[in-house]
1. Pull up segment 86-137, narrow it to residues that are more than 18 Å from T45 (Cβ to Cβ) and among the basic types (K, R), then point me to the one that is modelled with the highest pLDDT.
2. Only residues that are of a type in the set (D, E, K, R) and either without any contact (Cβ under 8 Å) to a residue 40 or more places away in the chain or in contact with a helix residue (DSSP H, G or I) (Cβ under 8 Å, 6 or more places away or on another chain) (or both): list them for segment 68-95, please.
3. Would you check which residues across segment 21-52 are within 19 Å of R74 (Cα to Cα), touching an Asp or Glu at 6+ places or on another chain (Cβ under 8 Å) and either at pLDDT below 90 or not charged (D, E, K, R) (or both) and list them?
4. Scanning segment 38-62 for residues that are assigned to a loop (DSSP other than H, G, I, E, B) and surrounded by 13 or more Cβ atoms within 10 Å (Cβ to Cβ), which turns out farthest from the chain's Cα centre (by Cα)?
5. Working only within segment 63-81, note down all residues that are at pLDDT 95 or above, surrounded by 15 or more Cβ atoms within 10 Å (Cβ to Cβ) and in a strand (DSSP E or B).
6. Return the residues of segment 34-68 that are under 16 Å from A119 (Cα atoms) and hydrophobic (A, V, I, L, M, F, W, C); say none if nothing qualifies.
7. Quick one: how many residues across segment 45-63 are in contact (Cβ under 8 Å) with a residue 12 or more places away in the chain and farther than 13 Å from C131 by Cβ?
8. Among the residues that make up segment 94-103, is at least one of them assigned to a strand (DSSP E or B), in contact with a strand residue (DSSP E or B) (Cβ under 9 Å, 6 or more places away or on another chain), more than 22 Å from F34 (Cα to Cα) and not charged (D, E, K, R)?
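The values are calculated or read from the model by the stated rules, or taken from the named source; none is laboratory data. Keep in mind it's a predicted model, so treat the numbers as computed, not measured. Glycine also receives a Cβ, built like all others from the backbone with ideal geometry; neighbour counts cover every protein chain displayed.
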Amino acid sequence: MGRCTASLCLLPAIALALAACAGSSPKEPEPNIFPTDYKRDIIATLTRVLDDPTNVREAYISEPVLRAAGKEERYTVCVRSNSRNLQREYSGRADRIAYFFGGHLNQLIDATKEQCGNAAYKLFPELEKMCLGQKCE
């Protein structure tokens with residue numbers, strides 16, 4: 001009874017090793033950290049997604065607020081602007097909503113009236129000054 005086979009003797013050692021690994025697994029990030037660099041994140045994203053990210057007009061932004069996003073809450077920011085298309089013509093006012101996870105921009109999509117229709121917008125001059133290339137200050 002005091003003797004064990006090699007495989008049976010290893011079981012407690014394997015179980016102990018797995019328990020140690022499970023205890024040191026990385027923690028899930030906190031999803032609702034206030035996005036302190038939200039303007040910079042939004043500008044960087046719009047620089048990549050707008051047809052012509054220069055000479056944006058009528059730029060407005062809301063402060064980050066926690067709101068329902070599916071079954072969870074996330075910080076969101078509403079952005080309103082009038083940008084140019086590939087023909088360098090203004091396309092008209094567009095509203096977008098930015099979703100943040102862990103304090104960083106996760107998604108920037110077109111907003112519905114329900115999402116941003118009642119947003120408390122303020123001027124967003126940093127977006128209107130956005131430029132590309134070496135002529136930027």
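1. Checked segment 86-137; the qualifying residue modelled with the highest pLDDT is K122.
2. Residues satisfying the conditions are K71, R80, R84, R88, E89, R93, D95.
3. P31, N32, P35
4. Among residues in segment 38-62 that are assigned to a loop (DSSP other than H, G, I, E, B) and surrounded by 13 or more Cβ atoms within 10 Å (Cβ to Cβ), the one farthest from the chain's Cα centre (by Cα) is L50.
5. R74, Y75, T76, V77, C78, V79, R80, S81
6. A59, I61, V65, L66, A68
7. 10
8. Yes, segment 94-103 contains a residue that is assigned to a strand (DSSP E or B), in contact with a strand residue (DSSP E or B) (Cβ under 9 Å, 6 or more places away or on another chain), more than 22 Å from F34 (Cα to Cα) and not charged (D, E, K, R).
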